[in-house]
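Comments concern the structure below.
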Amino acid sequence: MKTNVLMVCLGNICRSPLAEGILASKVDPEKVWVDSAGTAGYHVGRPPDPRSIAVARSHGLDISNQRCRRFSPLDFERFDYIYVMDQKNLSDLLDLATSPEDAQKVKLLLDVLGTNSEEVPDPYYGGADSFEKVFQRIDAACEAIAKNMGDNGKR
């Protein structure tokens, strides 16, 4: 049985597509399925932000085929783990949760690093250096997630 992991940010064009691509590169696709979504529907159907695509490419990852989608309450049923980038995403998803089991699936991404509610900053209004910094933070968290999955997810 596959483990299903969802990465969530606001628009699903900057942070969560990076998180999807990074985690997917660290796990066995036969054992783990990774997807991403946004809490808002501003960019549904569009590819990630060109700057996210560029920073991913600079690290040997291709996320250009991803397409933005909006989070659906059905995602609580589809996914075992739901990682969000910031407190607003966390609040938005907890408001949609209809059971304690749903709510328990939702966690801040950087909490896997023991950072106590640290957020992944939105690089949208920043330059290339902002995207690189975000990539590094997400990469560290995804490495921890992959290690925590052990034999269930590691390539």
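Of note:
- Qualifying residue in the stretch 4-12 (condition: open to solvent by 10 Å² or more (accessible area, probe 1.4 Å), assigned to a loop (DSSP other than H, G, I, E, B), touching a Pro at 6+ places or on another chain (Cβ under 6 Å) and modelled with pLDDT of 95 or more): no
- With respect to (1) of a type outside the set (A, V, I, L, M, F, W, C); (2) open to solvent by 10 Å² or more (accessible area, probe 1.4 Å); (3) farther than 20 Å from Lys107 by Cα, the lone exception for Thr39 is condition (3).
- Residue-level analysis places Ala56 among those that are touching a residue at least 24 places away in the same chain (Cβ under 8 Å) and of a type outside the set (Val, Ile, Thr).
- Matching residues, the stretch 84-101, being open to solvent by less than 20 Å² (accessible area, probe 1.4 Å) and closer than 17 Å to Asn4 by Cβ: Val84, Leu93
- The criterion of at least 3 residues that are under 22 Å from Ala144 (Cα atoms) is met by the following helices (runs of 4 or more DSSP H) wholly inside the stretch 75-130: 87-96, 100-105.
- Residues within the stretch 47-59 that are open to solvent by 60 Å² or more (accessible area, probe 1.4 Å), assigned to a helix (DSSP H, G or I) and not basic (Lys, Arg), tallied: 2
- Here Val44 does not qualify as in a strand (DSSP E or B) and either without any contact (Cβ under 8 Å) to a residue 24 or more places away in the chain or farther than 19 Å from Ser130 by Cβ (or both).
The values are calculated or read from the model by the stated rules, or taken from the named source; none is laboratory data. Computed from a prediction, not measured in an experiment: that's the story for all the values here. Backbone-built Cβ (ideal geometry, glycine too); neighbour counts: all protein chains shown. These area figures cover heavy atoms from the full protein model, side chains too; ligands, DNA and RNA do not enter into them. Shrake-Rupley method; radii C 1.70, N 1.55, O 1.52, S 1.80 Å.
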